[in-house]
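Notes follow the structure.
The values are calculated or read from the model by the stated rules, or taken from the named source; none is laboratory data. As the structure is a computational prediction, the values presented were derived from the model and not from experiment. Methodologically, a virtual Cβ is constructed for each residue, glycine included, from the backbone with ideal geometry; neighbour enumeration extends over all protein chains shown. In case anyone asks, the SASA skips ligands and DNA or RNA and just uses the protein heavy atoms, side chains included. Shrake-Rupley method; radii C 1.70, N 1.55, O 1.52, S 1.80 Å.
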Amino acid sequence: MQSLKPWRAWLWLVGTLIAALIAGQTTAQVAAQAGGRAELLPVDSSAFPEMRLYLDVHDANERFVHGLQIPDVRLLENGQQLPVQVLREIRAGLQVVFALNTGRAFAIRDSQGVSRYDQVVSALEDWSQRRQGTTLDDLSLLVGLGSERSHVSQASELMEVLQQTTPDLETERPTLDLLFRAVEIASDATPRPGMERAVLFITALPGGDLASSSENLLSLAQQQGVRIFTWLIASEDAFELPAARSLQALSEQSGGRYHAFSGIEGLPDPESYFEALRDIYELVYQSQIRQAGEHELIAEIATSLISLRTQAYPLNIDLQPPTPIFLTPPAQIVRQAPFETRTAFGEQPDQGDLAPKEQEFQILVVFPDGRTRPLVRTALIVDGQVVDENTAPPFDRFTWDLSSYTQPGRHLVHVEATDAFGLVGISNETVVDLSVELPQLNPWAGLVLNAPLVAGLAGLLLLALVTLILLFSGRIRPHALRALPGNKRLNQKPQPALKPAGAQAMPAISMGSRDRIAGWVNRLRWPQRRLTPKADAFLVPVVEDEQADSLSPIPITTDEVTLGKDRSLATLLLDDASVENLHARLVREEDGCYRILDQGSVAGTWVNYTPVAETGTVLEHGDHIHLGKVCFRFQLRQPARTYVLTEKAYERGIKA
């Protein structure tokens with residue numbers, strides 16, 4: 001090299017350095033490809049089918065791999081590759097528990113007189129000083145089974161507890177119970193999504209066989225994603241004991257590290273464990289799962305430096321079909337002809353006039369799995385046949401066409417609902433009784449349809465009847481009888497009769513003839529006019545005061561009227577939700593007064609905006625009566641009697 005010229009020497013040196021860098025990079029790349037780990041953390045499926053998950057990627061040196069892009073990550077859901085929609089690197093922090101499982105090994109001092117316990121405390125205080133001012137992590141501390149401080153954000157708060165605690169190092173017997181407690185605390189819900197969990201277990205060598213306990217601890221830690229970092233405080237001759245080997249295996253298999261400390265080796269910096277656990281990748285993708293049950297998710301990472309594949313992460317999605325529910329379905333539908341068709345003179349029955357012609361249904365669709373999804377179809381099914389279908393909003397209303405139903409019968413009705421995932425839910429069947437009342441032919445319809453003929457016959461009968469009456473009364477005499485031959489008496493002209501002196505003339509018709517006609521007429525059954533009870537009081541419906549006079553009054557023709565909305569209890573039906581089944585009674589008393597009594601209704605009965613007393617209220621002409629939201633005005637046929645009736649009611653009240 002000394003024989004080379006200076007510029008050539010510099011050129012040789014630069015080439016050597018470049019070659020060394022390339023070789024080093026190639027070596028690092030090969031080493032990175034040969035190791036590393038990737039892990040999927042718990043998946044958030046609350047916004048299903050959008051899935052949010054967290055990916056932890058480390059190289060062979062347990063350093064977090066930064067800088068991944070969407071093309072570097074591939075997701076496999078049940079073997080189907082799905083695109084990653086969002087990939088971002090976040091600093092979520094760490095949920096960590098420090099657990100000091102002290103024993104006699106902690107009390108041994110070095111040549112400077114410093115105990116192992118003091119060295120541990122000093123290492124933790126140094127770490128706490130470096131973390132001063134940050135609140136990114138969630139921290140907890142356990143010192144034996146006596147002192148505990150959980151889920152704080154300042155490391156200094158843990159050190160305060162540690163300084164105030166003085167464990168009995170000579171008498172305490174370390175076990176794995178403290179580690180179980182530490183894993184439980186680390187498994188609590190994290191303050192931020194994506195936070196990893198860890199336990200720094202600083203322990204003397206536990207006694208006994210740790211094999212079975214270690215297996216249970218490892219299963220719990222892996223299930224909850226808790227990494228266990230262990231500092232074994234013991235003499236060097238105990239490092240190879242089975243209990244120490246069990247602790248080492250437990251730590252490494254959970255994703256943590258193991259360090260044995262006898263007072264000579266020095267303690268690791270806890271930050272060397274924790275720094276790589278605070279960073280995480282957040283991923284978002286759209287799941288294609290459409291059935292409930294066990295599914296799996298795998299992430300593959302491929303860059304120029306690493307190629308990793310996570311273990312299959314189990315996805316247990318609770319996915320249930322939608323459940324449609326009827327809202328107040330009718331139990332019975334009555335089809336009948338309109339009132340004017342049933343009463344019109346001469347109207348022919350027509351089944352097309354039956355009403356109602358359709359029935360409305362409304363439903364409510366719920367999702368038992370708590371994952372609300374859009375609907376794509378709902379259908380109303382009657383007796384196995386689709387009678388109405390919705391493929392666009394609104395999906396909760398149906399119309400059942402009843403025009404073809406002319407016979408009574410019982411029908412089974414249910415609804416099907418299909419969501420955007422293709423899951424079909426079916427409601428419970430409801431029974432609807434359909435009654436059909438066909439219009440009856442009016443008995444006068446035949447007469448009207450043959451009106452000309454009937455009118456002619458009626459005219460002839462009337463003419464014959466009048467003729468007979470006139471003949472019987474002697475008002476007319478048939479001339480044809482006089483023209484008969486041989487009837488001399490009839491053909492002779494009438495001669496004036498001679499009346500004796502003092503005698504009066506006889507009438508043309510005798511009383512006997514009149515009596516016979518009167519008896520015949522009286523035997524006829526002439527149409528009698530129906531007598532209806534005469535009403536002394538009325539209830540006039542009031543909607544608005546200015547419209548009260550335009551509404552038809554309701555006559556009170558009985559001594560007692562019950563008011564309500566139940567047909568079996570009330571004689572005056574009031575179809576209003578504010579009215580009880582039996583709301584009030586209106587009673588006519590012996591002196592002619594009318595008293596209204598409430599029947600325990602919720603809304604009450606009011607007269608002139610005053611609640612009715614328990615014994616009832618005597619009504620006067622013009623009083624306003626409120627039953628819930630229904631209002632009447634009380635009227636008497638003879639308002640002049642109001643004063644008299646009131647006086648009688650007053651006297652009766654005094655006597656009572």
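Among the residues of region 517-536, is any touching a Pro at 6+ places or on another chain (Cβ under 9 Å), modelled with pLDDT of 50 or more and open to solvent by less than 40 Å² (accessible area, probe 1.4 Å)? Yes: region 517-536 contains one or more residues that are touching a Pro at 6+ places or on another chain (Cβ under 9 Å), modelled with pLDDT of 50 or more and open to solvent by less than 40 Å² (accessible area, probe 1.4 Å). Restricting attention to region 351-368 and to residues that are farther than 15 Å from V334 by Cα and without any contact (Cβ under 8 Å) to a residue 60 or more places away in the chain, the residue that is nearest to the chain's Cα centre (by Cα) turns out to be V366. Taken together, the residues in region 117-171 that are under 49 Å from the mean Cα position of the chain (by Cα) and at pLDDT below 90 amount to 5.
For region 280-303, filtered to residues that are of a type in the set (S, T, N, Q) and either open to solvent by 30 Å² or more (accessible area, probe 1.4 Å) or part of a strand (DSSP E or B) (or both), the residue that is modelled with the lowest pLDDT is Q291. Considering only region 193-213, I want to know if a residue exists there that is modelled with pLDDT under 90 and of a type in the set (A, V, I, L, M). Within region 193-213, one or more residues are modelled with pLDDT under 90 and of a type in the set (A, V, I, L, M). For region 131-185: of the residues being basic (K, R) and within 24 Å of D269 (Cβ to Cβ), which is least open to solvent (accessible area, probe 1.4 Å)? Selected residue: R131.
Remark: T558 falls outside the filter, which requires a residue to be among the β-branched types (V, I, T), within 19 Å of P541 (Cα to Cα), out of contact with any His (no Cβ under 8 Å at 6 or more places or on another chain) and crowded, with 16+ Cβ neighbours inside 10 Å.
For (1) open to solvent by 70 Å² or more (accessible area, probe 1.4 Å); (2) within 24 Å of Y273 (Cβ to Cβ); (3) among the aliphatic types (A, V, I, L, M); (4) modelled with pLDDT of 50 or more, each residue gets a yes or a no:
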residue	(1), (2), (3), (4)
G15	no, no, no, yes
A20	no, no, yes, no
G35	no, yes, no, yes
L41	no, yes, yes, yes
P49	no, no, no, yes
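When you scan region 102-125, do you find a residue that is closer than 18 Å to Y273 by Cα and open to solvent by 70 Å² or more (accessible area, probe 1.4 Å), even just one? So far as region 102-125 goes, no, none of its residues is closer than 18 Å to Y273 by Cα and open to solvent by 70 Å² or more (accessible area, probe 1.4 Å). Taking the conditions (1) farther than 15 Å from V540 by Cα; (2) not in a loop (DSSP other than H, G, I, E, B) in turn, L586 satisfies each one other than (1). If you go through region 55-84 and pick out every residue that is under 38 Å from the mean Cα position of the chain (by Cα) and either surrounded by 13 or more Cβ atoms within 10 Å (Cβ to Cβ) or within 28 Å of I185 (Cα to Cα) (or both), you end up with 7.
Considering each of D369, D388 in turn, give the residue that is surrounded by 15 or more Cβ atoms within 10 Å (Cβ to Cβ), in contact with a strand residue (DSSP E or B) (Cβ under 6 Å, 6 or more places away or on another chain) and either in a loop (DSSP other than H, G, I, E, B) or not β-branched (V, I, T) (or both).
When all the criteria are applied, what remains is D388.
Of all residues in region 84-120, those that are free of Cβ contacts under 8 Å to residues at least 24 places away in the same chain and assigned to a helix (DSSP H, G or I) total 1.
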